[in-house]
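To keep things clear, I will list the structure first and then write my remarks on it.
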Amino acid sequence: MSKAKKYFLFHKPYGVLCAFTNEHGKTDLSKYLDVPQDVYPVGRLDENSEGLLLLTNDKSVNHQLLNPQFKHKRSYLVQLEGQINKKAISRLERGIDISLGTETYTTLPCKAIKTSLNKFPQAGRRIDFDKSKGTSALKLILHEGKNRQVRKMCAAAGFPVIRLIRTEIEQLHLADLPPGEYKQIPRPLFYRSLNLSML
């Protein structure tokens with residue numbers, strides 16, 4: 001008999017690894033989540049990024065969400081060092097060259113909207129940056145998810161990332177879920193919100 005499929009949303013805090021095994025004494029998901037052993041993250045957020053992480057034991061979700069051909073929307077709030085300008089925003093939206101291993105990759109067109117730092121929840125850590133340059137913020141909406149893509153895109157545009165929060169994947173969003181908290185959602189809502197095919 002197959003195990004019941006389970007689906008979770010987690011608000012990953014800064015400094016947490018997207019794994020259930022401890023690596024070099026770092027904080028992992030097991031500190032926050034009490035879920036069945038066969039439940040794993042779908043995709044990743046790097047250790048220094050925050051925000052929405054999906055977890056499930058439904059292996060069919062991985063293919064549909066991670067395969068670029070399905071072009072699922074991902075939204076991020078990004079705090080940047082410096083005052084980003086229209087020229088840099090245009091470069092990000094058209095597509096910008098980043099490095100992926102030994103290759104150069106041109107990102108797909110995306111949406112970049114200048115926003116307010118007031119949109120960010122309070123940081124759970126002290127943020128270091130060149131304060132003489134000030135900071136600015138963007139909402140970035142992508143339809144792909146290469147390794148550390150948002151950080152690489154913003155750095156290539158000349159505005160390093162200070163803070164990065166994934167806020168939405170398709171119609172699933174953090175809403176008022178606090179950092180470090182998670183919730184289970186039913187399969188039909190999970191699939192419908194992500195525009196997945198029920199297999």
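If the Cβ limit is 6 Å and pairs must be 6+ apart or interchain, which residue in segment 115-136 that is modelled with pLDDT of 85 or more pairs with which residue that is not aliphatic (A, V, I, L, M)?
Close Cβ pairs satisfying both conditions: 115/139; 133/81; 133/82; 134/83; 135/79; 136/83.
Checking the structure you have, find out if any residue of segment 137-160 is farther than 28 Å from residue 103 by Cα and either outside the structural domain of residue 88 (by TED's automatic domain parsing) or part of a loop (DSSP other than H, G, I, E, B) (or both).
Checked segment 137-160: no residue is farther than 28 Å from residue 103 by Cα and either outside the structural domain of residue 88 (by TED's automatic domain parsing) or part of a loop (DSSP other than H, G, I, E, B) (or both).
Is there any pair linking a residue in segment 165-178 that is farther than 17 Å from residue 43 by Cα to one that is among the charged types (D, E, K, R), with Cβ under 9 Å and at least six apart or on different chains, and which?
177/183
Which number in (1) outside any strand (DSSP E or B); (2) surrounded by 19 or more Cβ atoms within 10 Å (Cβ to Cβ) marks the one condition that residue 132 misses?
(2)
The values are calculated or read from the model by the stated rules, or taken from the named source; none is laboratory data. Please read all numbers here as calculations on a predicted model, not as lab measurements. A quick note on method: Cβ atoms are made from the backbone with ideal geometry, for glycine too, and the neighbour counts reach across all protein chains shown.
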